[in-house]
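Just below is one structure, and these are the notes that go with it.
The values are calculated or read from the model by the stated rules, or taken from the named source; none is laboratory data. Please read all numbers here as calculations on a predicted model, not as lab measurements. Reconstructed Cβ throughout: ideal geometry from the backbone, glycine too, with neighbour counts over all protein chains shown.
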Ligand SMILES: [Zn+2]
């Protein structure tokens, strides 16, 4: 006899059992109907789990992309600042060297 999941507590039980041995919930329908109902519930559960997992992956990807974008923006900002510093420092160094007679 195949095993089915109790419709109440979801624990495994025999498809031929009239009541769930765990929670005492009464099994309804014929044995065949119980097997089909249990399979349908299981399929629905699987589909739901899969959907949730896909949503989780999509969300995690979006978060990762946002994080990368932020990091790139920060790196660009740092490069800009370094470039500005360089643009000011070179003429300043040149001016100082010229003033002190090194050039
Ligand atoms: Zn039960």
**Report entry** Test for residue 58: is it out of contact with any helix residue (DSSP H, G or I) (no Cβ under 7 Å at 6 or more places or on another chain), more than 16 Å from the ligand (Cβ to nearest atom) and at pLDDT below 95
**Finding:** no
Residue pairs within 6 Å by beta carbon, gap of at least six or interchain, first lying in region 77-101 and surrounded by 10 or more Cβ atoms within 10 Å (Cβ to Cβ), second not in a helix (DSSP H, G or I), listed first then second, are 97/103
Within region 7-28, the residues that are more than 6 Å from the ligand (Cβ to nearest atom) and in a loop (DSSP other than H, G, I, E, B) are 7, 10, 15, 16, 17, 18, 21, 24, 27, 28
Return yes when residue 4 is in contact with a helix residue (DSSP H, G or I) (Cβ under 9 Å, 6 or more places away or on another chain), modelled with pLDDT under 95 and within 15 Å of the ligand (Cβ to nearest atom) and no when it is not.
yes
Is at least one residue of region 45-58 over 30 Å from residue 5 (Cα atoms) and in a helix (DSSP H, G or I)?
-> yes
